[in-house]
Amino acid sequence: MIARLVEHGRLPADLDPEYVARHRAWIAGQPGFCGGYHLLEPDTGRALSLTMWQDDDALAAVERAQAAGQGPADGRISGQSSPTVRLVQVAAVF
């Protein structure tokens, strides 16, 4: 299993909840999706996105689909927050 961790320094103040809901639903419907969390530090506005994927192929497929404009994301979050992205192997589930 692969974990994709994305850290955002600050989310856009005018982030549309419907946009976020559409994006979450699309991600959750992708083959190989195993779960996800969006985490927020209310005092700082910092945010983490953690998504879990069955394997490298599943994650690569969803990234290709997003790059091809097949999902609802339009870059408004990443464009404003300059996120850092890390991919890690899941060593244990407990």
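Here are some notes:
- Of the numbered criteria (1) exposed (fewer than 15 other Cβ atoms within 10 Å of the Cβ); (2) closer than 19 Å to P83 by Cα; (3) in contact with a helix residue (DSSP H, G or I) (Cβ under 7 Å, 6 or more places away or on another chain), the one R64 fails is (3).
- Matching residues in region 1-59 - criterion: being hydroxyl-bearing (S, T, Y) and surrounded by fewer than 12 Cβ atoms within 10 Å (Cβ to Cβ): Y37, T44
- Checked against the criterion of being among the polar types (S, T, N, Q) and in contact with a strand residue (DSSP E or B) (Cβ under 7 Å, 6 or more places away or on another chain), the candidates T44, T51 yield just one match: T51.
No lab work stands behind these numbers, since they all come straight from the coordinates. Just so we're clear, the structure is a prediction, and the values are computed from it rather than from any experiment. With ideal geometry, Cβ positions are generated from the backbone for all residues, glycine too; neighbour counts draw on all protein chains shown.
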